[in-house]
Amino acid sequence: MISIVTEIQEDVEYRVEFSAGGYSMAVQVSLCPEFPRKRPVLKVSPQIDHPWVNEQSEIISAPGLVNFTVHSDLGRVVQAIIREFERRPPDLIGESAGRLPATHQKGQEACTSGHTSPAHIMPAFSQPRALSFPELQDLSTAELEHLSQSQDRLDDFIDKLPVVQKLNNNVEDMITRNEELAKENLSKQPRLEELGYSVREKLDALAVLKNSYESLSQEYQRLSDRYAPGSIKESLRLAALHSDEESERIAEQFLGGRMSVEQFVSIYLQKRTVSQIRKTKEEKLGSQLSELQRAGY
């Protein structure tokens, strides 16, 4: 895998150029100020037809991007995307198909002239790990110089190393597993939507029950206050007072000559009897409440 990395703006924008399916392509990497807490934006050019790429040429469905975290290695993510395009070359769209970008041409000329190489313009997000290659020990000085003079021969030698092949196979296996996991997650979407609808229905029913409970609780509190022993005692006192007031009005009517003796005696005695009964009940209830309070109730 031969690729040229160009730093457009330090810690902000990079361009990775490569070849896939006989065409020259490039991935534009844009880093936001929140990187690596927020995943980068990757765009591919020229415009291609691939499941990972949307209509704006933005790479959105690559497993490495979908699962990107603060601990992800962006260099490996980009390498996995390029490897995917190399393994399954996408169809190019539009008139730009097959044309070589100007920056790519400059990068190739600089690389072949010996002035620039991917190792010399390694972006800040790429963090290569030190590896030992015992295969180099079997090469003579002339063979080593021969490799160092040609980037293509060096890349071909590296790609054939067992450790690199193992890493590439591991990356491909991880991509395959991520794709399978993504498909499995998508297959569960209808069930999740069904469960979500069921939860919303239960929440609506719970809201109705809550409103009913609050209304019944208020009614219960009102009736509880109304029929509490203290409230009944107070009602009896007010009713007895009302009977006394009515009996006094009847006496005033009799004294004013507006009522006969027979009417006065009948009505007055009735009102006084009712008043006395209510007073008796009030006193008895008050006595019972006092005893309950002394008993600790």
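The values are calculated or read from the model by the stated rules, or taken from the named source; none is laboratory data. Everything quoted here is computed from the prediction, not taken from an experiment. Heads up, the Cβs are rebuilt from the backbone with ideal geometry, glycines too, and the neighbour counts pull from every protein chain shown. Quick note on the areas: whole protein, heavy atoms, side chains included, nothing else; ligands and nucleic acids left out. Shrake-Rupley method; radii C 1.70, N 1.55, O 1.52, S 1.80 Å.
Observations
- Odd one out for Arg129 among (1) modelled with pLDDT of 90 or more; (2) closer than 24 Å to Gln79 by Cα; (3) open to solvent by 70 Å² or more (accessible area, probe 1.4 Å): (1)
- Here is the figure for region 22-49: residues that are in contact with a strand residue (DSSP E or B) (Cβ under 8 Å, 6 or more places away or on another chain) and within 23 Å of Glu172 (Cβ to Cβ) total 10.
- When residues of region 1-32 are limited to those that are β-branched (Val, Ile, Thr), assigned to a strand (DSSP E or B) and in contact with a helix residue (DSSP H, G or I) (Cβ under 8 Å, 6 or more places away or on another chain), the one nearest to Ile93 (Cα to Cα): Val27
- Residues in region 212-225 include none that are of a type in the set (Ser, Thr, Tyr), in contact with a helix residue (DSSP H, G or I) (Cβ under 6 Å, 6 or more places away or on another chain) and in a helix (DSSP H, G or I).
- Which numbered condition Gly257 fails, given (1) on the phi > 0 side of the Ramachandran plot; (2) in contact with a Lys or Arg (Cβ under 7 Å, 6 or more places away or on another chain): (2)
- Failed item, numbered, when Leu42 is tested on (1) under 29 Å from Ile158 (Cα atoms); (2) not in a strand (DSSP E or B): (2)
- Residues located in region 261-290, provided they are acidic (Asp, Glu) and open to solvent by 100 Å² or more (accessible area, probe 1.4 Å): Glu262, Glu283
- Checked against (1) polar (S, T, N, Q); (2) farther than 19 Å from Arg76 by Cβ; (3) more than 24 Å from the chain's Cα centre (by Cα), Ser3 passes all but condition (2).
- Within region 172-190, the residues that satisfy the criterion of being part of a helix (DSSP H, G or I) and of a type in the set (Lys, Arg) are Arg177, Lys183.
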